[in-house]
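Read the structure below first, then the notes.
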Amino acid sequence: MTTPIPLPFSATSKFATRDFKGRPVRYFRVERQDLSSSAAPPARPLSDLILVFDRSGSMYGVIEDVKASALKTLTVEELNDPDLRVSLITYSGRGDVKLHFHRVSVADIMATNSTYQKEIRAIQATYLTCISQALEMVDTLIDDTRVTGVLLHTDGCANDSPPSAERRALEAAASKMKRHPNLFVNTVAHGSWADTNTLMSIAGSLSGKMLQARDQRGIHQALHDTAAVLVGNAAPALEVPMGSADYALFV
């Protein structure tokens, strides 16, 4: 049990931690320090968002929700970080991967009647599912001087070419992408047939997380969470030396 410290506490406060019988075990002194910085804030790091959409035939029932959520999320992110650059890749069967646009500002995408919005709305579900080719293309787009967040959507198992070969190709692609220091990959599983184990493995190996999107709200949340991490990277870091202190608490 720790004796509570009233907040806001005075410039210097003392307290003891006690055992279950109320006997003092350790003693602490708390010193308050108001933080300030006269240095100019650091330049905001440049950020890229790479959207990767599965447009295999089985995505027929959800692809419209994915497209609509992408446009809604980008509308919000234009206000949060108009300098965010966005790329869009779609994929289905092997050899059918497409880069629709690369490193375009959110402001340009959301401009009235932009060709980029038309490109998103025109996406249609087509054939089988080959995820590895999309990751291989992502790898060619990454600029290590920028913070890059990838959001990979799929609703099924990687089945083109044979699943065993595709699994090996996915592992190889993910392993190669680990060399990028400022990259994270989030994956989104749609429906009950998605190979969640593979999606968790990809995300886990590339500093990301897997999200389950059961409806349009879930899709929107996945997009927003990924963009929010990139926008958060724009906040300046505040460094405070520990000195001889045992603990530091930031409020």
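Odds and ends about this structure:
- Count of segment 62-99 residues which are part of a strand (DSSP E or B), open to solvent by 60 Å² or more (accessible area, probe 1.4 Å) and under 19 Å from residue 133 (Cβ atoms): 2
- Listed by first and then second residue, the pairs linking a residue in segment 79-100 that is over 18 Å from residue 141 (Cα atoms) to a residue that is open to solvent by 70 Å² or more (accessible area, probe 1.4 Å), with Cβ atoms under 7 Å apart and 6 or more places separating them unless they lie on different chains, are 92/127; 92/128; 93/127; 93/128.
- Which numbered condition residue 139 fails, given (1) open to solvent by 30 Å² or more (accessible area, probe 1.4 Å); (2) in a helix (DSSP H, G or I): (1)
- The criterion of at least 3 residues that are open to solvent by 20 Å² or more (accessible area, probe 1.4 Å) and over 25 Å from residue 84 (Cβ atoms) is met by the following helices (runs of 4 or more DSSP H) wholly inside segment 155-251: 163-177, 196-205.
- Long-range neighbours under 7 Å by Cβ, at least six apart or interchain, first residue within 30 Å of residue 145 (Cβ to Cβ) within segment 180-209, second open to solvent by 60 Å² or more (accessible area, probe 1.4 Å) and of a type in the set (Asp, Glu): 180/144; 181/144; 182/144
The values are calculated or read from the model by the stated rules, or taken from the named source; none is laboratory data. Quick caveat: nothing in here was measured; it's all calculated off a predicted structure. Backbone-built Cβ (ideal geometry, glycine too); neighbour counts: all protein chains shown. Only protein heavy atoms, including side chains, enter the accessible area calculation; ligands, DNA and RNA are left aside. Shrake-Rupley method; radii C 1.70, N 1.55, O 1.52, S 1.80 Å.
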